[in-house]
Amino acid sequence: MTQSPIATGAGGEESRPDTDEVYLVVRNDEEQYSIWRADREPPAGWYREGLSGSRQECLDHIGVIWTDMRPLSLRRRLAGADV
């Protein structure tokens with residue numbers, strides 16, 4: 001069985017990774033990152049991080065900048081415990 005190149009995105013729409021769709025890097029208040037199609041407003045609680053580009057460019061950017069996967073609130077709580 002071969003896997004289809006179609007992936008289901010947020011909201012159930014289908015997207016193809018080989019298309020020319022433009023994506024945004026988005027971030028929430030916990031400093032967690034994701035990508036979102038540029039032709040749509042980010043969901044509530046998510047904000048444009050600044051970079052837009054192909055799906056792979058956005059994922060590569062996130063791979064570089066998101067080095068600590070822990071939510072911000074946890075990082076702060078753990079930093080306070082070190083004092």
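The values are calculated or read from the model by the stated rules, or taken from the named source; none is laboratory data. In this text, all values refer to a predicted model and were calculated from it rather than measured experimentally. We work out accessible area using only protein heavy atoms, side chains counted, and drop any ligands, DNA or RNA first. Shrake-Rupley method; radii C 1.70, N 1.55, O 1.52, S 1.80 Å.
Could you look through region 13-31, keep only residues that are open to solvent by less than 70 Å² (accessible area, probe 1.4 Å) and charged (D, E, K, R), and pick out the one that is modelled with the lowest pLDDT? Write out each step before concluding.
The first filter runs over region 13-31 and keeps only residues open to solvent by less than 70 Å² (accessible area, probe 1.4 Å), leaving 13, 15, 19, 21, 23-26, 28, 30-31.
Checking which are charged (D, E, K, R) leaves us with 13, 21, 30-31.
Working: 13: 54, 21: 95, 30: 97, 31: 96.
Restricting to residues being open to solvent by less than 70 Å² (accessible area, probe 1.4 Å) and charged (D, E, K, R), the top hit is 13.
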Next item on the list: Scan region 31-55 residue by residue and report those that are under 11 Å from the mean Cα position of the chain (by Cα) and outside any strand (DSSP E or B).
Entry: 31, 32, 42, 55
